[in-house]
Structures are given as structure tokens and as C-alpha cells.
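Asker: Structure below; questions to follow.
Read-outs throughout are calculated quantities, based only on the coordinates presented, and are distinct from any laboratory measurement. The model shown is predicted, which means the values in this text are computed figures rather than measured ones. Counting neighbours? That spans all protein chains shown, and the Cβs are built from the backbone with ideal geometry, glycine included.
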Amino acid sequence: MKKIAIVLLAALFAWAVAQPAEAGHGRGGAFLLGLGLGILLVPPLIHAAPPPVVYEPQYPPPPAVEYGRYGDPPPERVWVPGSWAKRWNGYYRVWERIWVPGHWRYYDP
């Protein structure tokens, strides 16, 4: 496709240059010459521009977190070790023994 466009533009350029201005075809030739050069030069200039700069939005810091009704300090986090637990499996209608891995939990006395 590019080769066809280049051949057509070359033929257009040769035809535009060959038009004598005295014969009254000077303006048409100049128009076609400008059109051909524009088709050749504009796409590389458009794609040669650097990409636009995109700025990340700047959000304000989150508000201070208040725990409890009167701004009490946050509850203490404690580690709960892993343990075995029972779970009902409704598909097979049996109780299964599963392993619950250790995890952090907020201690609330």
C-alpha cells in the first residue's frame, strides 16, 4: 500500500512540475504539488511528536483515623496461630476437618 502511494505521489509530482504556468495550469499544478508534499510530510511530523505528558492526580492525604467513639487508640493486633476446625460440606453432607492458617487479628477485650 505504501509503495502504491509513493508511486502515485511521484507521478503527481512529475505531472505538477510539467505543467507550464503560461498555459494557465500553474495554479492547479501548484495545488497538486502542495497536496502531494503535504501527504508525504505531514504523517511523519505528526508521529514524530513526543507523547503528551500525563500527570498523576495528586490526592490530599487521608484524614486521621479515629478509633472508637472518643478517639481511643487503635486496638492491639495479636497473632492467632493456625488450628484445625470443622466445616460442614453441604454437597457431601459431612463434616470436614480443615486447617485454618495463622493470621493477625485485632484483640478487643
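Asker: Just to confirm a number: summing +1 for Lys and Arg and -1 for Asp and Glu over residues other than residue 78 whose beta-carbon lies under 12 angstrom from that of residue 78, what do you get?
Answerer: So the surrounding residues net to 0.
Asker: What is the local net charge at residue 87, summed over the other residues whose Cβ is closer than 15 Å to its Cβ (Lys, Arg +1; Asp, Glu -1)?
Answerer: +2
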